[in-house]
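Taking it in order: structure first as structure tokens, then the write-up.
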Amino acid sequence: MNAVLIAVIVMLALALARVHVVVALFLGALVGGLLSGMGLDATLLAFQDGLGGGAKIALSYALLGAFAMGVASTGLPQILANSLISRLGGTEASPKATAVTKWSLVAGLIAMAVMSQNLIPVHIAFIPLLVPPLLTVMNKLRLDRRLVASCLTFGLITTYMFIPVGFGSIYLNDILLFNIAEAGLNVDGISVMQVMAIPAAGMLAGLLIAIFISYRKPREYADVDVAEDAPEQPAPSKAKMWVSVIAIIAVFAVQIIMQSMGFEADGLLVAALLGLGILLVSGAVNWRQADDVFSSGMKMMALIGFIMITAQGFASVMTATGEVETLVNATAAAFGDNQFLAAGAMLLVGLIVTLGIGSSFSTLPIISVIYVPLCMSLGFSPAATVAIIGTAGALGDAGSPASDSTLGPTAGLNADGQHDHIRDSVIPTFLHFNIPLLFAGWIAALVL
């Protein structure tokens, strides 16, 4: 059997068996390299050569984690939460007022999740800071927390898979287009937003189903004091808040300016450093506490950084085996010229892989090395190839028990012990996003 296929199966089986993702990727790479006849030394060298490809991405995550913790230390998330609570306090006035309050809260949480990927690039760090103080308001509104989990997951995933700024720049430019180009396909001139618009529309359809059909009915929750269990919040400060706003604007502006000027270097690294500098120089983050604050932020994002680095090593070994072409030819022969079945099969494999490892960012390097030559042999256009691989990577991020896109919402919504991770985050997001995303990606593959 093909060494690449066995390596992927071993990696996936280990990940599904709850072996740590980094270990599963490393062992899968070893199995693939040894079965291909490379030998232990050559396999390890190939793995090490690939690690450098993920270093920049991991550093971007570490710096963004530090920036997120720096913003949190200024009290900005708590100020936002207090503002929402004060505006949403009188929820028992009338059905109309209650409805306005409910939809304002839902829209606000979606907006925060969207902005956490680009405008305020703190990823999931805002959820355990902002959501627990709002649980009392949600209880008064009898808002189904499964709906809130779906809204947060929608914002976290759809944004990075559609908008190439912040984390979206990492996913779409640094990982998706980079790995496709490395696999031999010319992606010059492709508008990644246009390509991923159809898959993003599938995510939107799933969100609308969750809002207006699945979870529109009220759900009762007990009022539980979460003050003792909630993360310690800094004392709100308007001065520090405005410094945080300035830093956030600077981080966003630098990325846009560097992209518009055609810089090939990653603007996210420069932007994150600038944001950290503003927080430090202004005194918004105490200089004596800066090391602890920034180190905490880096630790928060360290795991996903290690996973992405290891995934690049895995992909490097798969390429070095020389058996990718054999696998592609065998798969192409099995599908013949049937693009319909081939696209569906590739999307399903992407779903399974991402469900197992819990990171769409780590899935792309693994599947790109196989999917690019397969798509080329089947006659898919470059745009369709980008859509297939981009969708296959994102599939499974929602609904994976190990994904930060489900762990983040649970961390906030379960602050009072009334939100189950599997039943209330994993299953709802799996059903409402993976199914429509699968079909939307399938359509994109056939029409682009």
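Tabulated data for the structure shown
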| item | result |
| --- | --- |
| All positions within the range 156-181 that are part of a loop (DSSP other than H, G, I, E, B) and either among the aliphatic types (A, V, I, L, M) or open to solvent by 10 Å² or more (accessible area, probe 1.4 Å) (or both) | M161, F162, I163, P164, V165 |
| Flag for A200 being farther than 30 Å from G52 by Cα and not in a loop (DSSP other than H, G, I, E, B) | yes |
| Close pairs (7 angstrom Cβ cut-off, 6 or more residues apart or separate chains): within 16 Å of T153 (Cα to Cα) in the range 198-216, assigned to a helix (DSSP H, G or I) and aromatic (F, W, Y) anywhere | G202/F439; M203/F154; M203/F433; G206/F433; L207/F154 |
| Subset tally (residues that are buried (at least 17 other Cβ atoms within 10 Å of the Cβ), in a helix (DSSP H, G or I) and not acidic (D, E)) for the range 411-426 | 6 |
| First in the range 268-283 and under 15 Å from V245 (Cα atoms), second anywhere and surrounded by fewer than 17 Cβ atoms within 10 Å (Cβ to Cβ) and of a type in the set (D, E, K, R), Cβ under 9 Å, 6 or more apart | none |
| Whichever residue in the range 311-332 is of a type outside the set (G, A, S) and open to solvent by less than 10 Å² (accessible area, probe 1.4 Å) and, among such residues, is modelled with the lowest pLDDT | V328 |
| Residue list for the range 394-408, restricted to those being charged (D, E, K, R) and buried (at least 24 other Cβ atoms within 10 Å of the Cβ) | D397 |
| Residue, farthest from V195 (Cα to Cα), within the range 113-133, restricted to residues that are among the hydrophobic types (A, V, I, L, M, F, W, C), at pLDDT 80 or above and crowded, with 23+ Cβ neighbours inside 10 Å | V131 |
| The range 164-182: number of residues that are touching a residue at least 24 places away in the same chain (Cβ under 8 Å) and polar (S, T, N, Q) | 2 |
| Any pair with Cβ under 8 angstrom, 6 or more apart, that starts in the range 18-32 at a residue that is farther than 19 Å from A3 by Cβ and open to solvent by 30 Å² or more (accessible area, probe 1.4 Å) and ends at one that is not charged (D, E, K, R) and not in a loop (DSSP other than H, G, I, E, B) | V19/L27; V22/F306; V22/I307; V22/T310; V23/L14 |
| Selection status of S60, closer than 30 Å to V131 by Cβ, in contact (Cβ under 8 Å) with a residue 24 or more places away in the chain, open to solvent by less than 50 Å² (accessible area, probe 1.4 Å) and in contact with a Leu (Cβ under 6 Å, 6 or more places away or on another chain) | yes |
| Residues satisfying the stated conditions in the range 392-409, i.e. in contact with a Leu (Cβ under 6 Å, 6 or more places away or on another chain) and not hydrophobic (A, V, I, L, M, F, W, C) | G393, G396, S400, S405, P409 |
| Residue within the range 157-173 that is among the hydroxyl-bearing types (S, T, Y) and touching a Pro at 6+ places or on another chain (Cβ under 6 Å) present | no |
| The range 367-379, residues that are under 14 Å from G390 (Cβ atoms) and either touching a Phe, Trp or Tyr at 6+ places or on another chain (Cβ under 8 Å) or among the aromatic types (F, W, Y) (or both) | Y371 |
| M203 within 17 Å of the chain's Cα centre (by Cα), open to solvent by 10 Å² or more (accessible area, probe 1.4 Å) and more than 26 Å from M318 (Cα to Cα) | no |
| Residues being modelled with pLDDT of 80 or more and out of contact with any Leu (no Cβ under 8 Å at 6 or more places or on another chain) - total across the range 272-290 | 10 |
| Yes/no for S362 being out of contact with any Cys (no Cβ under 6 Å at 6 or more places or on another chain), open to solvent by 10 Å² or more (accessible area, probe 1.4 Å), touching a residue at least 24 places away in the same chain (Cβ under 8 Å) and of a type outside the set (A, V, I, L, M, F, W, C) | no |
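Residues checked against (1) touching a strand residue (DSSP E or B) at 6+ places or on another chain (Cβ under 7 Å); (2) surrounded by 19 or more Cβ atoms within 10 Å (Cβ to Cβ); (3) among the small types (G, A, S):
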| residue | (1), (2), (3) |
| --- | --- |
| F154 | no, yes, no |
| A183 | no, yes, yes |
| D188 | no, no, no |
| S191 | no, no, yes |
| L208 | no, no, no |
| K217 | no, no, no |
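The values are calculated or read from the model by the stated rules, or taken from the named source; none is laboratory data. Since the model is a prediction, treat every value here as computed from it, not as a measurement. Neighbour counts are summed over all protein chains in view; Cβ atoms, including those assigned to glycine, are modelled from backbone coordinates with ideal geometry. Accessible surface is based on the protein model in full, side chains and every heavy atom, while ligands, DNA and RNA are left aside. Shrake-Rupley method; radii C 1.70, N 1.55, O 1.52, S 1.80 Å.
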